[in-house]
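In what follows, a structure is listed as structure tokens, so that the remarks can point back to it.
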Amino acid sequence: MADDDYDYLFKIVIIGDSGTGKSCLLSRFTNDEFSLESKSTIGVEFATKTMDISEHKIKAQIWDTSGQERYRAITGAYYRGAVGALLVYDITRQSSFENVDHWLKELREHADNNITLMLVGNKSDLADTGRQVSIEQAKEYASESEMLFFETSALNASNVEVAFKTVFERVYDTVP
Ligand code: GDP
Ligand code: MG
């Protein structure tokens with residue numbers, strides 16, 4: 001399939017504290033069809049992946065922060081036009097879960113009102129030894145804030161595909 005042969009283009013952003021595994025999730029998801037394009041002027045990168053949803057070709061353009069989240073220096077350009085967002089925390093780091101509040105505020109300030117939100121608890125492979133955030137706690141928070149929710153592991157690929165796909169399907173259902 002030609003790269004620009006698609007019916008819809010969806011811009012999705014990934015945000016969350018540094019070290020939660022955002023870049024690993026992105027490369028895990030897009031690995032089989034990887035094209036990482038640098039946009040050095042605004043200091044972000046995105047990867048694309050095309051998939052079928054309800055007999056339409058959806059091209060997802062998924063933006064990654066390339067590290068500025070460390071300085072909370074993400075600009076409005078990052079969020080502009082985004083129809084979906086993954087808010088990632090690390091299930092072994094409570095502070096990254098608490099900071100989801102901050103990222104949610106950023107979104108409310110900069111992103112479109114009806115953006116599709118998904119809370120993602122990453123590093124589920126470490127649940128047995130290092131879990132600090134319970135599934136119940138995360139689920140409750142997600143439903144209060146009207147976010148979808150998945151626990152994922154970029155390391156063993158658990159739930160990565162289904163999490164992204166669920167966002168795209170929800171976006172597909174909400175975008176007129
Ligand atoms: P980012 O700063 O949010 O983009 O995080 P990175 O994708 O750079 O990952 C930060 C660190 O977490 C790296 O050392 C990764 O190898 C590790 N990491 C990412 N995802 C997982 C995961 O699902 N499980 C485990 N155990 N480690 C992970
Ligand atoms: Mg990163």
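Each value in this text was obtained by applying a stated rule to the coordinates, not by laboratory testing. Computed from a predicted structure; not experimentally measured. Note that we place each Cβ from the backbone using ideal geometry, even for glycine, and neighbour counts take in every protein chain shown.
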> In percent, what relative contact order does region 57-153 have, based on Cα pairs under 8 Å that are 6 or more apart in sequence?
Replying inline: 30 percent
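Would you work out the relative contact order for the chain, in percent, from Cα pairs under 8 angstrom that are 6 or more residues apart? Don't skip to the end; give the middle numbers.
Numbers: 324 pairs, mean separation 41.9, N = 176.
About 24 percent, as a whole number.
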>> Using a 7 Å offset from the Cα along the Cα-to-Cβ direction at both Ser18 and Arg72, what is the distance between the two label points in nm, to one decimal?
In response: 1.4 nm
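Let me know the volume per residue of the alpha-carbon convex hull for region 108-157, in Å³.
Working: hull volume 4.8 nm³, N = 50.
It comes to 95 Å³ per residue, whole-number rounded.
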>> Rg and Dmax in Å for region 67-146, alpha carbons only: what are they?
In response: 13.3, 39
>> Could you tell me the center-to-center distance, by alpha carbons, between region 50-122 and region 4-33 in angstrom?
In response: 10 Å
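If the chain between Lys165 and Met51 were fully stretched, how many nm would it gain, using 0.36 nm times the residue separation less the Cα-Cα distance?
Numbers: separation 114, 0.36 × 114 = 41.04 nm, distance 0.88 nm.
Between Lys165 and Met51, full extension yields 40.2 nm more.
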> For region 6-23, what does the Karplus curve 6.51 cos²θ - 1.76 cosθ + 1.60, with θ = phi - 60°, yield as ³J(HN,Hα) per residue in whole Hz, taken in order and with x for Gly and Pro?
Replying inline: 8, 8, 9, 10, 10, 8, 10, 10, 10, 9, x, 4, 4, x, 7, x, 4, 5
> Within the set Lys22/Lys59; Lys57/Lys105; Lys57/Lys139; Lys59/Lys139; Lys22/Lys105; Lys57/Lys123, which residue pairs have Cα atoms separated by over 26 Å?
Replying inline: Lys57/Lys105; Lys57/Lys139; Lys59/Lys139; Lys57/Lys123
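If you scale each eigenvalue of the Cα gyration tensor by 5 and take the root, what three semi-axes come out for region 45-114, rounded to whole angstrom and sorted largest first? Each step should come with its number before you reach the end.
Numbers: eigenvalues 118, 44, 33 Å².
Semi-axes from the Cα gyration tensor: 24, 15, 13 Å.
Scale the Cα Rg of region 42-176 by the rule-of-thumb value 2.2 N^0.38 Å and send over the ratio, two decimals. Spell out each step's value before the answer.
Details: Rg = 14.8 Å, N = 135, 2.2 N^0.38 = 14.2 Å.
Relative to the rule-of-thumb radius for its length, region 42-176 sits at 1.05.
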> Going by how many other Cβ atoms sit within 10 Å of their own, how do Thr48, Thr65 line up, fewest first?
Replying inline: Thr48, Thr65
